[in-house]
Amino acid sequence: MRSAALIAGAAATALVAAGAITYAVAEDGGGSSDNSPAPTADSADAGFARDMAVHHQQAVEMSYIVRDRTKNVEVRRLAYDIAQTQANQRGMLLGWLDLWNLPKVSADPPMTWMGMGDMASGKDGALMPGMATNTELKKLNTLSGKPAEVFFLQLMTDHHKGGIHMAEGCVEKCRVGVEKRLAQGMVDAQQSEIQLMADMLKERGAKARS
């Protein structure tokens with residue numbers, strides 16, 4: 001399918017660009033484009049890096065689950081692309097925290113950097129908007145074939161919507177230029193994948209949950 005091939009190409013491009021983005025942050029001394037000091041632990045830059053790393057990790061987990069639950073080439077390709085892209089981006093985000101000498105965890109609730117620390121209850125493992133619950137992950141592990149494909153596409157659509165909301169927050173609030181550009185790249189790529197997943201759901205007689 002042409003659309004799936006485009007997503008695969010975009011994922012490959014993101015992987016190639018990742019090293020250049022990480023290098024750019026290092027060259028910048030960890031600060032913004034005007035060589036200001038590195039972000040602090042309570043900054044939007046650090047908060048986004050911490051929270052999106054956690055958010056991405058669940059997307060990787062769901063992607064590998066569905067690859068074991070279906071033989072459909074299109075779904076497996078999408079899952080692989082999401083897993084590879086988001087695992088790479090997660091490594092970059094955690095690497096930046098190391099570069100800035102900041103902890104990878106915080107005592108503050110998730111989304112505090114967006115002024116939304118009281119939004120997600122963390123009930124049943126859903127720590128941030130769009131994240132699947134532990135119950136939903138267990139259910140995905142019990143399905144196979146078309147039901148697994150549909151549920152994965154629905155969960156990942158919700159997940160991407162939550163991720164886009166967070167990335168847009170970084171575009172608005174983060175100070176480090178390359179991190180802001182990475183966040184905008186996440187918005188663009190995940191919006192494209194949401195449309196692809198909508199088409200894939202329609203082909204299976206289903207639709208997104210919200």
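The values are calculated or read from the model by the stated rules, or taken from the named source; none is laboratory data. These numbers were taken from a predicted model, which means no experiment stands behind them. So basically every Cβ, Gly included, is an ideal-geometry build from the backbone, and we count neighbours across all protein chains shown. To get the accessible areas, we keep the full protein, side chains included, count just its heavy atoms, and leave off ligands, DNA and RNA. Shrake-Rupley method; radii C 1.70, N 1.55, O 1.52, S 1.80 Å.
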- Query: If you stretched the chain out fully between Thr133 and Gln57, how much longer would it get, using 0.36 nm times the residue separation minus the C-alpha to C-alpha distance?
  - Reply: 26.0 nm
- With every protein chain kept in the model, how would you rank Glu168, Glu74, Glu203 by accessible area, 1.4 Å probe, largest at the top? Glu203, Glu168, Glu74
- Given a Förster distance of 35 angstrom, what is the FRET efficiency for Arg204 paired with Asp108, based on the Cβ-Cβ distance and rounded to 0.05? 0.30
- Can you tell me how much longer the chain between Tyr80 and Ser36 gets when fully stretched, taken as 0.36 nm per residue apart minus their C-alpha distance, in nm with one decimal? 12.1 nm
- When all protein chains stay in place, what accessible area (Å², nearest 10, 1.4 Å probe) is found for Arg175? 90
- Using 7 Å Cα-to-Cβ label points, what is the Met116/Ala87 separation (nm, one decimal)? 2.8
- Ranked order, Thr133, Thr142 - accessible area, probe 1.4 Å, largest first: Thr142, Thr133
- Query: Given H placed 1.01 Å from N in the peptide plane, which residues other than close sequence neighbours of Met116 have an amide H under 5 Å from its amide H?
  - Reply: none
- Note on the structure: Using a 1.4 Å probe on heavy atoms of the protein chains only, the accessible area for Tyr80 in Å², nearest 10, reads 100
- Query: Got a sec? Charge dipole of the stretch 50-150, +1 on Cβ for Lys and Arg, -1 for Asp and Glu; which of Ala148, Gln89, Met114 is way out at the positive end?
  - Reply: Ala148
- Message: From the protein chains alone at 1.4 Å, what is the descending order of accessible area for Asp98, Asp42, Asp124, largest first?
- Response: Asp42, Asp98, Asp124
- Message: Whole-Hz ³J(HN,Hα) for each residue in the stretch 183-195, computed from phi via Karplus 6.51 cos²θ - 1.76 cosθ + 1.60 with θ = phi - 60°, x for glycine and proline: what do you get?
- Response: 4, 5, x, 5, 4, 5, 5, 6, 5, 5, 5, 4, 5
- Note on the structure: If amide H atoms are modeled at 1.01 Å from N in the peptide plane, then the residues at a separation of 5 or more from Thr70, or on another chain, having amide H under 5 Å from its own are Gly145
